[in-house]
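Below is one structure; the comments refer to it alone.
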Amino acid sequence: MAVLASLLLCGLMCVSVKVEAMTQTVGDQLRPHAIAFTGPLNCNKWDCNCTFTRQRGCCCAANDMYELENETFMRMKYLWHQIEELAGHVEHCTAAKKIAFKATINPDIAVMIPGTTDHCFGPFNSNVPIPYGIVALNHGNGYNPSLGIFTAPRGGVYVFSFTVYSSVSDGQRLYHKVQLMKDGDLVSGVWENNREDSEDSATQRVILEMEAGCQVYLELVSGRKLCSSLELNIFTGYMLYPLYNSD
């Protein structure tokens, strides 16, 4: 049985070698005829001539690939333009939202009230804008520390907050009134008028819709005063979101 199996295996190997040799012989015979063929090659857009004459490094779909490459390039160029445009919109919106400020009163503006030991800002004969001269933040450069006035760089909805603090010596009158103004109109305010407290503070927060150029400031009402630790008086604001139809 072993001998029979060996003979059968050898026979199969011989047949395989013969088939391979025959295939190579047929291929070698067809190749010269294919190269020598001069008639038309019905291949549509395929470069069959290239296939027969320059087999190595030849792509039959070269024309299709060139068209695909050109189309892909044009699409990439269009998408890049769209991305740049979108980036510009994002930068514009982001830059527009970078509007915020924070300022406090400089204690050096206080003067001593005659007959007391209190250093105060005021009283005055008329309403006076409060100059919050120490600026900790001023993104967008909308706040003017010399005047204490914030001018909206662009239209939007803004949030403003202010804290009023005053302290007087024993027996003196705690007497202040500070109000938030928008373009000369009263928005809100805080006040104190008593001899029971030696110090007091209050905070207000408002949301206002403003157009570009609108101004907001805090003013001390005539006859009133802010005394001691004036740096605890704080004025802040920021844009919550822009009004896109305001530009």
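List pairs: first residue in the range 104-120 and surrounded by fewer than 17 Cβ atoms within 10 Å (Cβ to Cβ), second residue assigned to a helix (DSSP H, G or I) anywhere in the structure, Cβ distance under 6 angstrom, at least six positions apart or on different chains.
Pairs found: Pro107/Leu230; Pro107/Glu231.
Just checking, does the range 122-133 include any residue being surrounded by fewer than 18 Cβ atoms within 10 Å (Cβ to Cβ) and under 18 Å from Met210 (Cβ atoms)?
Looking through the range 122-133, at least one residue is surrounded by fewer than 18 Cβ atoms within 10 Å (Cβ to Cβ) and under 18 Å from Met210 (Cβ atoms).
Condition first: in contact with a Ser or Thr (Cβ under 6 Å, 6 or more places away or on another chain) and hydrophobic (A, V, I, L, M, F, W, C). Can you find one or more residues in the range 197-204 that meet it?
Looking for residues that are in contact with a Ser or Thr (Cβ under 6 Å, 6 or more places away or on another chain) and hydrophobic (A, V, I, L, M, F, W, C), one finds none in the range 197-204, hence no.
For the range 155-192, which residues satisfy the criterion of being free of Cβ contacts under 8 Å to residues at least 60 places away in the same chain and more than 22 Å from Pro123 (Cβ to Cβ)?
Across the range 155-192, the qualifying residues are Lys182, Asp183, Asp185, Val187.
Where a number appears in this text, it was derived from the coordinates with a stated rule and is not lab data. From a predicted model like this one, the values you see are computed outputs, not experimental measurements. Please note: Cβ atoms are built from the backbone with ideal geometry, for glycine as well, and neighbour counts cover all protein chains shown.
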